[in-house]
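Peer 1: Before I ask anything, let me first share the structure, which is written out below as structure tokens.
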Amino acid sequence: MAFPMAVERWLDVARMDELARQGTPVHRIDARAQTVTTLLFIGVVMSFARDELSALMPFFIYPVALMSAGRIPAASLLRKLAVAMPFAVAVGLLNPVFDTRPALALGPLHVSSGWLSFLSIMLRCLLTVSAALLLVACTGMQRLCEGLVRLGVPRVFAVQLLFLYRYLFLLADEGRRMTRGIELRSPGVRGVRFRVYVSLIGHLLLRAMARAERIYHAMQARGFDGRIRLQFTSPLRLADPLFVGGWTLFFAVARVWNLAEALGALLMKGVG
Amino acid sequence: MHMADALVSPVVGGTMWLAACGLIGHSVRRIEASAKDHLVPLMGVLGAFVFTAQMINFTIPGTGSSGHLGGGLLLAALLGPHAALLVIASVLTVQALFFADGGLLALGCNIVNLGFFPAYVAYPWVYRVIVRGRYEAMRGSVAALAASVLGLQLGALSVVLQTQASGIAELPFGAFAALMLPIHLAIGVVEGCVTAAVVAFVARARPEVLPVADAEPVRSLRPVLAALLIAAALTGGLLSGWASSLPDGLEWAIARLSGTEEVSALRGTWHARLSAVQERTAVMPDYAFRQTPLSARPDGSDGASAESTTARADAPSALPLGTSVAGVVGGAVTLLVISWLGFVFRKWPRAV
């Protein structure tokens with residue numbers, strides 16, 4: 001039964017919501033600006049050659065800066081990262097097996113280019129996943145969806161995201177109550193049998209559909225005519241274009257020049 | 001089988017994003033045209049339902065493993081393909097944002113793999129063809145099983161193709177496909193059984209909520225889909241051929257397996273161009289070269305080309321020692337400085 005872990009994950013989602021409600025300067029940046037910057041960051045990080053390592057290091061400034069300025073605890077992000085890594089690790093781990101060309105020499109130690117690209121995959125995974133998680137942790141679902149609509153995402157889709165998010169917790173609670181009921185009534189039995197599972201899921205589905213019907217009636221009673229209206233409050237401030245522009249400049253510089261290598265060369269010159 | 005950000009190149013990811021945007025746009029137009037208001041809350045709640053259902057597992061007898069609902073085909077059977085695609089896309093978006101399943105760059109890939117194939121291929125061309133009109137238990141079960149297997153197989157194949165086109169993972173095409181497809185055949189059978197059983201359950205309990213499978217003509221949809229598929233394949237193939245570091249994943253895998261090592265020629269133009277810019281503008285273009293032995297330059301050219309990654313792959317005996325040490329030292333120092341900054345920055349606002 002994977003349920004205890006799933007509950008952990010739920011609590012984490014609720015925690016993300018809490019984090020997103022803070023009032024730090026990062027949280028005051030417009031959701032559009034943050035979305036654009038995040039996408040740009042991921043695109044730039046992934047555009048490096050596949051065995052690049054040192055040039056990726058300066059990019060850690062972005063998540064670290066958001067984390068510290070936005071007061072996002074590293075522990076909860078790392079826990080999510082641990083969940084996210086397995087597929088990339090599994091596929092990437094085969095790189096050293098298939099690619100054994102030596103690519104880097106540190107004294108007597110020769111590192112194959114497969115290991116380099118594997119490490120590079122891990123770095124990219126860390127960077128891109130933390131950027132995506134930080135986007136939500138610094139904006140929250142409501143503001144993020146508002147931003148998406150203003151960036152041109154269809155209303156129907158944004159409203160779908162909001163609805164999904166709003167009922168996630170209710171249905172998860174319902175699912176949790178149901179599985180707890182089963183566990184209590186079948187002591188000594190490990191797992192759920194298929195037949196029981198189907199009726200469990202089926203009832204959950206019927207209840208969900210009945211709930212949707214009630215919601216629809218409630219919406220109609222409040223004058224829902226099929227058109228979705230969203231209200232936007234936050235105007236763009238000067239800080240928003242500055243946020244996008246500043247980070248874009250940094251990404252461009254770090255993409256063109258290998259800052260880490262330059263620093264290393266400078267240090268070695270100083271030593272030698 | 002969520003595709004991960006770290007395995008997707010920007011070109012493949014971007015192409016799939018475009019395809020996913022096209023799909024979402026198309027399904028939004030179709031939903032708006034259908035004027036079924038009640039779909040708005042229903043889609044939202046069923047998205048939440050899929051999440052919840054995925055948290056509950058059942059044990060597969062005799063294997064010790066467990067299975068759960070995938071949801072794509074079930075949604076299509078309950079809502080029709082357009083609403084199903086939208087719900088799947090929203091579920092994947094929330095998973096990418098909150099659970100770090102998949103990722104933002106790979107979101108387009110995931111929407112195509114897990115949304116397009118079940119909702120727009122397996123549902124209209126397999127499920128609806130077999131069910132034909134009113135739901136009937138036996139035929140419905142066969143349809144759900146067949147459509148689930150097909151949808152997952154296509155999705156898994158698509159994961160392999162996208163990984164290959166991105167050229168970040170080294171796995172040969174054949175080996176990866178031989179790994180992914182059988183695994184997803186098993187997953188498809190399990191998911192098909194669950195979907196069949198749940199649809200049958202709903203058909204027994206509340207038959208009126210299941211849509212009549214031929215409610216809308218399939219024919220009008222086909223040209224659109226075919227065009228979309230061809231366009232996606234073409235742009236994907238062309239663009240990734242132009243831009244990824246491996247021009248043709250399949251060719252590369254064959255070369256790899258047959259032992260011909262022509263890796264140096266496979267550096268794509270895009271990365272090469274970017275690294276050329278990098279060299280032209282390098283802060284210290286020759287610092288690495290000074291420490292490289294003279295034999296490192298088989299062609300006798302100047303330092304800039306000896307430093308490039310192409311040369312590194314070309315001449316394994318001539319490792320640019322200086323560059324790599326500078327890279328390692330600089331990388332480590334950068335990381336240290338950044339983490340220190342993060343530490344200081346975190347304490348700082350509280351101290352003021």
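The numbers here are math on the coordinates, done by the rules we state, and not lab data. The structure presented is a predicted model; accordingly, all values stated were derived computationally and were not measured. So basically every Cβ, Gly included, is an ideal-geometry build from the backbone, and we count neighbours across all protein chains shown.
Peer 1: Mean projection of the alpha-carbon convex hull of chain A over all orientations, in nm²?
Peer 2: Computed as one quarter of the Cα hull surface, the answer is 21.2 nm².
Peer 1: Between the range A:45-113 and the range A:195-234, how far is it from one alpha carbon centroid to the other, in angstrom?
Peer 2: Cα centres, the range A:45-113 to the range A:195-234: 42 Å.
Peer 1: Report ³J(HN,Hα) in whole Hz for each residue of the range A:197-203, in order, from the Karplus equation J = 6.51 cos²θ - 1.76 cosθ + 1.60 where θ = phi - 60°; Gly and Pro get x.
Peer 2: 4, 4, 5, 4, 5, x, 5
Peer 1: Select from A:Leu93, A:Leu127, A:Gly147 the residue farthest towards the positive end of the dipole of the range A:79-165; place +1 on Cβ of Lys and Arg, -1 on Cβ of Asp and Glu, and compute about the Cα centre.
Peer 2: The residue sitting farthest along the positive end of the dipole is A:Gly147.
Peer 1: Using every Cα-Cα pair within the range A:120-170, state what percent have a distance larger than 13 Å.
Peer 2: Tail of P(r) above 13 Å: 65 percent of Cα pairs.
Peer 1: Quick check of the Kirkwood formula: for the range A:105-217, what is the inverse mean of 1/r over all pairs of different Cα atoms, in Å?
Peer 2: 19.0
Peer 1: In debye, nearest 20, what is the charge dipole magnitude of chain A about its Cα centre with +1 on Lys and Arg Cβ and -1 on Asp and Glu Cβ, if you could check?
Peer 2: 960
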